[in-house]
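Before any comments, here is the structure.
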Amino acid sequence: MHRHVRLREPRQHWALLSLVLAVLVGVLLLQGYVERSWSDLSPAPPEPGGETPPGHKRDGRLLADSEPVVDLSGARPGAAAMPAGTIALTFDDGPDPRWTPQILEVLRRHQARATFFVLGSKVAAHPQLTRQIVAEGHELGSHSYTHPDLSRVPTWQRGLELSLTQKAIAGATGHHTRLLRPPYASVPSAMTAPEYETARALSRDGYLIVLANRDTKDWSGRTPEQIVAAATPRGRQGAVVLVHDSGGDRGATVTAVDHLLTRLDAAGYQFTTVSDGVGLPATSLPATRPQRLAGLTLVGAQLVGHVLAAGLTVALGIAGALTLVRVVLLVGVARLHARRARRARRKWRRQLQQRRRVMRLTFPAVSVVVPAYNEAAGIAATVRSLVAARYPGRVEVIVVDDGSTDGTGHIAARLRLPGVTVIRQANAGKPSALNTGIARARSGILILVDGDTVFEPHTIERLVRSFADPRVGAVSGNTKVGNRRGLLGRWQHIEYVIGFNLDRRMFDVWACMPTVPGAIGAFRRDALASVGGISDDTLAEDTDLTMAICRAGWRVVYEEKARAWTEAPSSLRQLWRQRYRWCYGTLQSMWKHRRALIERGQAGKLGRRGLTYLALFQVALPLLAPAVDVFALYGLVFGEPARVLAVWLGFLLVQVLAGAYALRLDGERLRPLWSLPLQQVVYRQLMYLVVIQSVVTALLGAPLRWHAMRRQGTFARREPLAMP
């Protein structure tokens, strides 16, 4: 039932899409790792001298008499101290965009130099601030990338933390550093045995371990006076002073540093870097060009990750709002449609009772056109169901065999059913087959039916009665999934009932129906003539035709009681091909009829209501909706799993309630709803990818070939009335 044309299907963008997804996943993982670790810094790190962690044994004898600058690479520890009258102010956990500039301003006014032990993740987040630190004559040291306890993480993570920090510093400043202060390190005597062994390993890797003589514990809520007292050495002793320029509110620290510099300047103290104070050789080493490039890549990746995380948050909000708005709209309008439909059916029954004697005049003759391409598995069941229709008027059935190679036309002809005509033509595509059948039809009402569809006995009557209104040019029936026994079939059944049929109820109320499905649709011949018949401009000829009829001024309505059973794809590959063609064809139709947005009357309703709805909820929402799932996974790994799970379950509950209502409106059992959670995890993702690929293909302007769906003969094995 389609044109047997093989065009080259675009595949290059899959490689590009996979690469982009891999990069995005990578930067999100990096950002999540960073964000989770930054949250551990607030309000301040745990006190090194406080409670001993499990498995850690504090032994003050390890470095009890050691000076603060330690080299543990040899058999015996080497150490160095600041000379008398010399202070090395060291700032941990920065750079911070709020507090570090204030610290720099204080140092600048006092013409003092200091050493900043920076977190690589914050260097990557604020490279310009890092460069400012170096440009003003200060020194950089490593404080890891995300501030973990290096003595309690695996060796691979410890190496990753320090390597990433070096890359970030290289990307920001073009240099590496040999100085390292492990997170949570303090004075030498507070070092535990695991911390000592870790420091030895780091020394063997070429790092100089910088501890402190004076730990101000400024993170613990101390006042500026208390911080100054803790930082002031005894007599004329030199010291390495530990303070922080990030990790919480550092207002007291800024004030304390100013007071400390003022007091010790007057006492003749010199403030310098750790390296200059102890006379170390160069601890800042130039990075090679590849190292700088790797660093710039890391800085860029973290920036992209930050922007992406923020973008996901926005996308999550938009997608959530659109989802809720759609559910509210569909359910609310569906209730209105159901009331209108009940009133219309009661009115129809009263008219039948009044016109019982002239009933045959009430029902016009009907022509049913069945375009068929390789439908041998189901064509017999389709034709039999049409001939068996309980319709008082005359029904002719025209089967157009569009160049089938499986004997479809011969099967239909061998049935020898009354009122059935079989026409054979060379393969020219479904629009051509439909136009051929329409040209041979003799009735003013035409029903177009796919070759894999089975009608219920009263379907034709229920379709035709809507044409009592002379404004109606087309009627959409209710398509039901026949092969719904498997999980994939249940998912499609749910989609047809909850998605397609609720949408059609709303489009009917809003008078902007964009699609009469090819499986079951009735048309007034005058309406078809007004648009020039079936066009082959798009891959969704049913959507194109319906939009054209709306723009020609006709109303298109939905009759939920006119049911037809169709065979849905039985594999994910077939489903992908079908939905890809539908989605791409819908995009083509929307673009073709875009002028409806500015037209008046029925065309304007289609444009401003129907096309806007399609653009928001069938294009934009599927493009944004993956953000919900990505953000959920992101939150489960790096955020608050309980909160994320609660939000996801909330959205699922809303969908379940809407689904239950839709199934009830259609007279269906609620049992398939058990598969809805699985549908959200697997099936929905497939539909999102279909929309994404369709949009990418449309933007690239690539051609798309027709895809044949292999039929299983669902209705050849059972009677229509036995269907669920």
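Can you find a residue that is out of contact with any Lys or Arg (no Cβ under 8 Å at 6 or more places or on another chain), modelled with pLDDT under 95 and buried (at least 22 other Cβ atoms within 10 Å of the Cβ) anywhere in region 151-159? Within region 151-159 (the criterion being out of contact with any Lys or Arg (no Cβ under 8 Å at 6 or more places or on another chain), modelled with pLDDT under 95 and buried (at least 22 other Cβ atoms within 10 Å of the Cβ)), the answer is yes, since at least one residue qualifies.
When Ala548 is tested against (1) surrounded by 20 or more Cβ atoms within 10 Å (Cβ to Cβ); (2) among the aliphatic types (A, V, I, L, M); (3) under 19 Å from Gly601 (Cα atoms); (4) in contact (Cβ under 8 Å) with a residue 60 or more places away in the chain, just one condition goes unmet, and that condition is (4).
State which residue is surrounded by the most Cβ atoms within 10 Å (Cβ to Cβ) when the search covers only region 423-443 and only residues that are more than 22 Å from Gly393 (Cβ to Cβ) and in contact with a helix residue (DSSP H, G or I) (Cβ under 7 Å, 6 or more places away or on another chain). Across region 423-443, the extreme among qualifying residues is Lys430.
Of all the numbered requirements in (1) touching a residue at least 40 places away in the same chain (Cβ under 8 Å); (2) in the same structural domain as Gly518 (by TED's automatic domain parsing); (3) surrounded by fewer than 20 Cβ atoms within 10 Å (Cβ to Cβ), Gly604 misses one, and that requirement is (1).
Could you look through region 664-681, keep only residues that are without any contact (Cβ under 8 Å) to a residue 12 or more places away in the chain and aliphatic (A, V, I, L, M), and pick out the one that is farthest from Trp591 (Cα to Cα)?
Here is the first cut: in region 664-681, the ones without any contact (Cβ under 8 Å) to a residue 12 or more places away in the chain are 664, 667, 670-671, 674, 681.
Now restrict to residues that are aliphatic (A, V, I, L, M): 670, 681.
Values: Leu670: 38, Val681: 31 Å.
The selected residue is Leu670.
If you go through region 447-472 and keep only what is crowded, with 24+ Cβ neighbours inside 10 Å and part of a strand (DSSP E or B), you end up with Ile447, Leu448, Thr453, Val454, Phe455. Inspection of region 602-616 identifies no residue that is under 24 Å from the mean Cα position of the chain (by Cα), basic (Lys, Arg) and farther than 30 Å from Val647 by Cβ. For region 292-307, the set of residues classified as among the β-branched types (Val, Ile, Thr) and surrounded by 19 or more Cβ atoms within 10 Å (Cβ to Cβ) consists of Val299 only.
Report, by residue number, each residue of region 485-530 that is closer than 21 Å to Arg465 by Cβ and in a helix (DSSP H, G or I). Of everything in region 485-530, those that are closer than 21 Å to Arg465 by Cβ and in a helix (DSSP H, G or I) turn out to be Asn501, Arg504, Arg505, Phe507, Asp508, Val509, Arg525, Asp526, Ala527, Leu528.
From the list Gln588, Gln578, which one is polar (S, T, N, Q), more than 20 Å from Leu329 (Cα to Cα) and buried (at least 18 other Cβ atoms within 10 Å of the Cβ)? Every option except Gln588 fails the conditions. Taking first residues from region 466-487 that are touching a residue at least 60 places away in the same chain (Cβ under 8 Å) and of a type in the set (Gly, Ala, Ser) and partners that are part of a loop (DSSP other than H, G, I, E, B) and surrounded by 14 or more Cβ atoms within 10 Å (Cβ to Cβ), the Cβ contacts under 6 Å between residues at least 6 apart in sequence or on separate chains come to Gly473/Trp554; Ala474/Val516; Ser476/Val516; Gly477/Ile520; Gly482/Glu567; Gly482/Met723. Looking at region 73-130, the strands (runs of 3 or more DSSP E) lying wholly inside it that each contain 2 or more residues that are touching a residue at least 60 places away in the same chain (Cβ under 8 Å) and hydroxyl-bearing (Ser, Thr, Tyr) sit at 86-94.
Scanning region 633-655 for residues that are under 25 Å from Gln492 (Cα atoms), free of Cβ contacts under 8 Å to residues at least 24 places away in the same chain and either acidic (Asp, Glu) or crowded, with 18+ Cβ neighbours inside 10 Å (or both) returns a single hit, Trp648.
Checking each residue in region 391-447 for being closer than 28 Å to Arg465 by Cβ and of a type in the set (Lys, Arg) picks out Arg394, Lys430, Arg440, Arg442.
Scanning region 661-715 for residues that are of a type in the set (Phe, Trp, Tyr) and either modelled with pLDDT under 80 or crowded, with 16+ Cβ neighbours inside 10 Å (or both) gives Tyr661, Tyr683, Tyr688, Trp706, Phe715.
Return yes when Arg555 is within 14 Å of Pro517 (Cβ to Cβ), modelled with pLDDT of 90 or more and surrounded by fewer than 22 Cβ atoms within 10 Å (Cβ to Cβ) and no when it is not. Here the answer is no, as Arg555 does not meet what is asked.
Reported count of residues in region 113-143, each being at pLDDT 95 or above, buried (at least 22 other Cβ atoms within 10 Å of the Cβ) and of a type in the set (Gly, Ala, Ser), is 3.
The values are calculated or read from the model by the stated rules, or taken from the named source; none is laboratory data. The structure presented is a predicted model; accordingly, all values stated were derived computationally and were not measured. FYI the Cβ positions are ideal-geometry reconstructions off the backbone, even for glycines, and counts take in every protein chain you see.
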